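The next block holds one structure in the form of structure tokens; read it before the comments.
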Amino acid sequence: MSIHENLLSIKNYLPKTVTLVAISKTKPVSDLLEAYNSGQRDFGENKIQEMVQKWEQLPKDIQWHMVGHVQTNKVKMMAPFVHLIHGVDSVKLLQEINKQAEKHDRVIDCLLQVHIAEEETKFGFDRSELIAMLDSDEFKMLHNIRVCGLMGMATFTNSEQQIQKEFLSLKALFDELSQRPQTENFAMHTLSMGMSGDYKIAIRCGSTMVRIGSSIFGERNSA
Ligand SMILES: *Cc1c(COP(=O)(O)O)cnc(C)c1O
């Protein structure tokens, strides 16, 4: 099937309230253009340099999502244009994003990554670290970022039950945080969970944003 057909069938499946981010890492600009010409406007990359190169070459109404692990020294490269940073996993990173956003006189939307998988390798906050950060004075002083939701990745497993359990735990934390008062830099409205292999489960568990790569663009040679 073509990129266009893949997009259509996924979009048909998704509820209207769920945003589809097309994860285009490792794929050539021509593939992104094909998706763009089918109406896709949200694209996600996991390497900052690659995202910058694609941003330079592609139409400027694309909304760029950084879904990978972010090194603080590279934040400045994407600060002029990035739409949403999914993988924020420390106050230090949030402070750097704030600093670079300020230079460009903008507010950058961020999602806090939560560790929900069994694997040790996945980055992210746990519940108590996350709440401690939101309560901290350091966080309250950040005026050029806005935490607008959470992101999580489930364990890589065939067990639907395991994946569902992890997604439901993230949804529960999202609901809990949604009870907190909204502030200038905090408002829970985006729950980024679900990839090619598990987005149908994620949607049943309350996802509002799915990050889908291989089911749109085909398998990657390397990730
Ligand atoms: C690569 C990647 C995806 C997309 O993975 P697929 O299995 O190809 O859909 C989603 N989220 C993150 C953080 C990724 O790095």
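One table, with the values for the structure above:
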| quantity | calculated |
| --- | --- |
| Sole exception among (1) more than 16 Å from the ligand (Cβ to nearest atom); (2) in a loop (DSSP other than H, G, I, E, B); (3) of a type in the set (Asp, Glu) for Asp109, by number | (2) |
| Set Ser196, Ser169: member being without any contact (Cβ under 8 Å) to a residue 60 or more places away in the chain and in a helix (DSSP H, G or I) | Ser169 |
| Hits in region 10-57 (condition: within 16 Å of the ligand (Cβ to nearest atom) and part of a loop (DSSP other than H, G, I, E, B)) | Leu14, Val18, Ser24, Lys25, Thr26, Lys27, Pro28, Gln40, Asn46, Lys47 |
| Options Ile201, Ile212: the member that is at pLDDT 95 or above, under 18 Å from the mean Cα position of the chain (by Cα), closer than 29 Å to Glu50 by Cα and within 16 Å of the ligand (Cβ to nearest atom) | Ile212 |
| Flag if Val88 is within 16 Å of the ligand (Cβ to nearest atom), among the aliphatic types (A, V, I, L, M) and more than 21 Å from Ser196 (Cβ to Cβ) | yes |
| Candidate set: region 104-152, residues that are of a type in the set (Val, Ile, Thr) and surrounded by 16 or more Cβ atoms within 10 Å (Cβ to Cβ); chosen: the one nearest to Glu166 (Cα to Cα) | Ile116 |
| Residue check for Leu14: buried (at least 17 other Cβ atoms within 10 Å of the Cβ), under 22 Å from Gly152 (Cβ atoms) and touching a residue at least 60 places away in the same chain (Cβ under 8 Å) | yes |
| Within region 146-172, tally of residues that are among the basic types (Lys, Arg) and in contact with a Phe, Trp or Tyr (Cβ under 6 Å, 6 or more places away or on another chain) | 0 |
| Top-ranked residue of region 1-22 - restricted to ones that are touching a Ser or Thr at 6+ places or on another chain (Cβ under 7 Å) and polar (S, T, N, Q), ranked as farthest from Glu34 (Cα to Cα) | Thr17 |
| Which numbered condition Arg180 fails, given (1) under 18 Å from the mean Cα position of the chain (by Cα); (2) at pLDDT 95 or above | (1) |
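A quick yes/no check of all residues on (1) aliphatic (A, V, I, L, M); (2) within 20 Å of Phe125 (Cβ to Cβ):
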residue	(1), (2)
Gly149	no, yes
Gln162	no, no
Leu168	yes, yes
Ala172	yes, yes
Lys200	no, no
Ser207	no, yes
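The values are calculated or read from the model by the stated rules, or taken from the named source; none is laboratory data. If you're wondering where the values come from, they're calculated on a predicted model, not measured in any experiment. For neighbour counting, all protein chains shown are included, and Cβ atoms are generated from backbone atoms with ideal geometry for every residue, glycine included.
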